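Read the figures in this text as sums done on the coordinates, not as results from a lab. Here the structure is a predicted model, which is why all the values come from computation and not from measurement. No Cβ is skipped: glycine too gets one built from the backbone with ideal geometry, and neighbour counts run over all protein chains shown.
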Amino acid sequence: MQQDEKQAQILRLLGAASMHVTLELGRTTRTVQEVLGDSEGSIIDIGRPCGELLDIRVNGKLFAHGEIVNTGEGLTVQICEFL
């Protein structure tokens, strides 16, 4: 079997594998007291300015950056940069 055929076969086998994709807007650390003090309408600072690209992680590894796009049917993420 030639190298190209082997690679194509491997891609066919792996193509159906599931991967965990996370779209991360930001992270923060809060005290128990802060969390217990939250209620509906509370605002949590995620430490990221508006308009900054979000992180796209695949199986926990940073993979790309993207931006939120409103398609009219819902929110989606457009990949802007692969890492």
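If neighbour count is taken as other Cβ atoms inside 10 Å, put S18, S42 in order from fewest to most.
Sorted ascending by nearby Cβ count, the order is S18, S42.
Expected output is a single nm value to one decimal: the length gained when fully extending between L83 and I46, i.e. 0.36 nm times separation in residues minus the C-alpha distance. What is it?
The L83-I46 span can extend by a further 11.1 nm.
Quick one: compute a quarter of the convex hull surface over the Cα atoms of segment 1-41 and quote it in nm².
If you wrap the Cα atoms of segment 1-41 in a convex hull and average its projections, you get 5.9 nm².
Once the Cβ-Cβ distance between T76 and K6 is put in as r, and R0 is 41 Å, what FRET efficiency do you end up with, to the nearest 0.05?
0.70
Given that just one value was derived from the coordinates, which of (1) 9.1; (2) 6.9; (3) 9.4 is mean projected area of the Cα convex hull in nm²?
Checked against the structure: label (1).
Give me the one-decimal nm value for the distance between modelled label points at L25 and I68, 7 Å along each residue's Cα-to-Cβ direction.
For L25 paired with I68, the spin-label model returns 0.4 nm.
About the Cα centre of the chain, how large is the charge dipole given +1 on each Lys and Arg Cβ and -1 on each Asp and Glu Cβ? Please answer in debye to the nearest 20.
My answer is approximately 380 debye.
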